[in-house]
Amino acid sequence: MDFEMPHGADREYLIVFGVAAIYVATIPRGEPCIVGVSRDLSQTFDSIRDRWPWSEIGCAFWVKDRETAEALVTEATEVLPRDPEGRLAVRAEFARRQIELVAERWKVPLTDHDAAMSRVHAAVRRVQEKINEANTSGDLAWFNSAYRSWRIEAKKFGRVMSYAEALARLRKAVTKRLITLDVIDLDAALLPDIFPELPKTTAENYVDDLKKPVLSSRTRPRPKPRADGSGRRGVSH
């Protein structure tokens, strides 16, 4: 299949970017076809294959957001005939042309899937190169230290995260910053987006080297010793 599915960091980039794809899928003979909207083409393709095993996604266009994509698809397909299973009873080429005509009329920019993937590859490569450079130079020490600390604390609560997963979360945070701010900075300000907050330990609080328990406002005070030396409270009659 020539159509390139977004996977891994490429898929992650597109989802973070917030764009949506208008796709046209069909069985090998080209008719009927399926036109839909997706922010995750790989997942959508799996769902299509589950229902119609021989289907392929033949083309896709990316637009700025899901709302725009859905409105465009509705306009382009609402008068087209459908088969009993809900697919469009037209050839894929015809459905594609209808989408292009509506987009042209509405002045909605369509980015061809191949062109979009080329841009995504470049952006993902740029982010990964920056992370690799920082790791080699030692500028990623703050991240490695934070990962070790988080992992030790997380074990107390049965939480785990591999180093590879932590790096993937770092890449996603850096990618989001690139998309929203058009910068690639790696610093400790990214930590909240990388490591999930852990529960606070409240079982017992300690102070100074003697580890004396600190009484909370809910802790009942210990009774003062009586004159006879016993620690039992007096009984009221």
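The values are calculated or read from the model by the stated rules, or taken from the named source; none is laboratory data. Just so it is clear, the model here is predicted, and its values are computed rather than measured. Reconstructed Cβ throughout: ideal geometry from the backbone, glycine too, with neighbour counts over all protein chains shown. Each accessible area value is taken on the protein alone, full model and side chains, heavy atoms only, with ligands, DNA and RNA left out. Shrake-Rupley method; radii C 1.70, N 1.55, O 1.52, S 1.80 Å.
A few comments on the model shown:
- When the solvent-accessible area of the range 1-107 is split by element, carbon and sulfur atoms take up 50 percent of it, the probe being 1.4 Å.
- For the cross-link pairs Lys64/Lys172; Lys130/Lys172; Lys64/Lys130; Lys155/Lys200; Lys107/Lys172; Lys130/Lys176, the ones whose C-alpha atoms lie over 23 Å apart are Lys64/Lys130; Lys107/Lys172.
- Take the range 1-98 with all the other protein chains still there, run a 1.4 Å probe, and you get 52 Å² of accessible area per residue.
- For the range 88-196, alpha-carbon Rg relative to the globular expectation (2.2 N^0.38 Å, N residues): 1.57
- Rounded FRET efficiency, nearest 0.05, which uses the C-beta distance separating Trp52 from Ala164 and R0 of 35 Å: 0.50
- Formal net charge of residues neighbouring Phe61 (Cβ-Cβ distance under 10 Å; K, R +1; D, E -1): -1
- Each Lys or Arg adds one and each Asp or Glu subtracts one; over the other residues with Cβ under 10 Å from the Cβ of Glu31, this totals +1.
- Cα gyration tensor, the range 1-110 - rounded (a/c under 1.5), prolate or oblate: oblate
- Ranked by the mean number of other Cβ atoms within 10 Å of their residues, highest first, the peptides 59-71, 155-167 come out as 59-71, 155-167.
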